[in-house]
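The values are calculated or read from the model by the stated rules, or taken from the named source; none is laboratory data. What you see is a predicted model; the values in this text were computed from it and never measured. Glycine gets a Cβ as well: all are built from the backbone with ideal geometry, and neighbour counts include every protein chain shown.
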Amino acid sequence: MTEQILCGARAIAGDLETVFQTIHRTPELGNREHHTAALIRQRLDRLGVEYTPVLDTGTVAVIRGGRPGKTIGFRADIDALPILEDTGLPYASQVPGVMHACGHDFHTAALLGAAELLMARREELRGNVKLFFQPDEEGDGGAARMIAAGCMENPHVDAMLCCHVESGIPTGTVSVRSGPICAASNPFSVTIKGRGTHGAKPHLGADVIVAGAQIITALQTISSRRTSPTEPVVVTVGSFHAGTAGNVLPEEAVFTGILRTMGGPARQRVKDDFRAIVTGIAAGMGVEAEVTIFESYPGCRNDPAMTDLVRRAAAKVLGPEHVLELAEPSLGTDDFGYFSDAAPGCYYYVGVGNESKGFTCPNHNPHFAVDPEALPLAAALHVQTVLDYLNGDA
Ligand code: NI
């Protein structure tokens, strides 16, 4: 059975690579993935897969099995990043300043490949497969909006899967983890208001730069002194802006960043600690601070049974020695967490690193490249996982 799936995947490998390269050449930012959506829908039309457009650029497809059963969903994100590509690849981005630097082109091509292989086995499927081509993962979360639009119903989705490329592990491997896998995130913005003055007479003003520096330094104690040493919490200040000249103390300073936790009670506690430290130090230093904390992705937790399903399917497709266990979650974020909150799910990593080709650079980088040889393997793994879930461990 697995050999047949792999054979089928290898037979369409060249075609999948063409699809992948086409998407890579013409990347589109979140909510603007019009050409990508058109390509996906044309492909689904050609395969005879029924689908519904959603949120302008999203698409939900359904492959209805020949026999009744459960429904399993598979998410591929389709958006690119505002990065100027510098890979020098023959199929590099033709859109200046926009690049598939997170492998969403790979995710989309692999899921289209799985759709083709699953259509060929449609009659033997006991249940349905729903394919989510989701816009705007890198922005403010297409996943939540797809769910709000009713995509998890008709047919109701019983379980969810999602793979993400990982260049840190080689082609032909996957890494999995049960439990927490991605962080919950809360972006923040703080505006400190003081009183401007001459740099030689600081006592006549209220210095927002010195106050801001104290606050930013103290914020690191949220993870080092208010959180258990074994609990993952990251407070990152990524921008700090104030002032125009060396001899002028400005009226205002602004810093922004992101709070990352594994969700649950820690998420609220970190937000409370953040406010307390910012406003407390600001008051002590005679300045005012306006704190805005935004709600972003909820984090992502893998269901143990779904993780085991992926683990066993991957052992069949790639060999048990190529299934790696992730010791720790990532403090990165992904809006797949909305799907895995709505149905038991598993988010796992597919190896796309290839040292001989120089494809080892991490994602979100102008030099990031994925190994297209991993495409048929990912598609085969999708199919094996779906078959194991719907038809039992065949
Ligand atoms: Ni990504």
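Considering Ala61, Ala38, the condition of being at pLDDT 95 or above, in the same structural domain as Phe20 (by TED's automatic domain parsing) and not in a strand (DSSP E or B) is satisfied by Ala38 alone.
If only residues of the range 345-358 that are within 16 Å of the ligand (Cβ to nearest atom) and either surrounded by fewer than 24 Cβ atoms within 10 Å (Cβ to Cβ) or of a type in the set (Val, Ile, Thr) (or both) are counted, the one that is nearest to the chain's Cα centre (by Cα) is Tyr349. Within the range 119-146, residues that are farther than 17 Å from Gly73 by Cβ sit with their Cβ atoms under 9 Å from residues that are within 16 Å of the ligand (Cβ to nearest atom) and β-branched (Val, Ile, Thr), at 6+ positions apart or across chains, in these pairs: Asp136/Ile78. Of all the criteria given as (1) surrounded by fewer than 22 Cβ atoms within 10 Å (Cβ to Cβ); (2) within 15 Å of the ligand (Cβ to nearest atom), the one not satisfied by Phe133 is (1). The sole residue among Glu33, Glu28, Glu116, Glu123 that is within 16 Å of the ligand (Cβ to nearest atom) and either more than 17 Å from the chain's Cα centre (by Cα) or within 21 Å of Ile147 (Cα to Cα) (or both) is Glu33.
With respect to the conditions (1) within 16 Å of the ligand (Cβ to nearest atom); (2) touching a strand residue (DSSP E or B) at 6+ places or on another chain (Cβ under 6 Å), Gly139 lacks only one, and its number is (2). If I filter the range 294-306 for residues that are at pLDDT 95 or above and farther than 30 Å from Leu6 by Cα, do I get at least one hit? Yes.
Residues of the range 10-33 include none that is more than 30 Å from Phe359 (Cβ to Cβ) and surrounded by fewer than 21 Cβ atoms within 10 Å (Cβ to Cβ).
Which of the following residues is touching a helix residue (DSSP H, G or I) at 6+ places or on another chain (Cβ under 6 Å) and surrounded by fewer than 24 Cβ atoms within 10 Å (Cβ to Cβ): Gly97, Gly127? The unique qualifying residue is Gly127. Only one of the numbered conditions (1) closer than 16 Å to Val54 by Cβ; (2) at pLDDT 95 or above; (3) under 16 Å from the mean Cα position of the chain (by Cα) is violated by Arg177, and that is (1).
For the range 74-85, the count of residues that are within 16 Å of the ligand (Cβ to nearest atom) and in a helix (DSSP H, G or I) is zero. For the range 224-260, residues that are assigned to a strand (DSSP E or B) and over 28 Å from the mean Cα position of the chain (by Cα) total 6.
When you look at Thr385, is it among the β-branched types (Val, Ile, Thr) and surrounded by fewer than 21 Cβ atoms within 10 Å (Cβ to Cβ), yes or no? Judged against the criteria, Thr385 is not a match. Scanning the range 87-113 for residues that are within 16 Å of the ligand (Cβ to nearest atom), of a type outside the set (S, T, N, Q) and under 26 Å from Thr385 (Cβ atoms) yields a count of 10.
Scanning the range 79-94 for residues that are among the small types (Gly, Ala, Ser) and in contact (Cβ under 8 Å) with a residue 24 or more places away in the chain, we see that the one that is surrounded by the most Cβ atoms within 10 Å (Cβ to Cβ) is Ala80.
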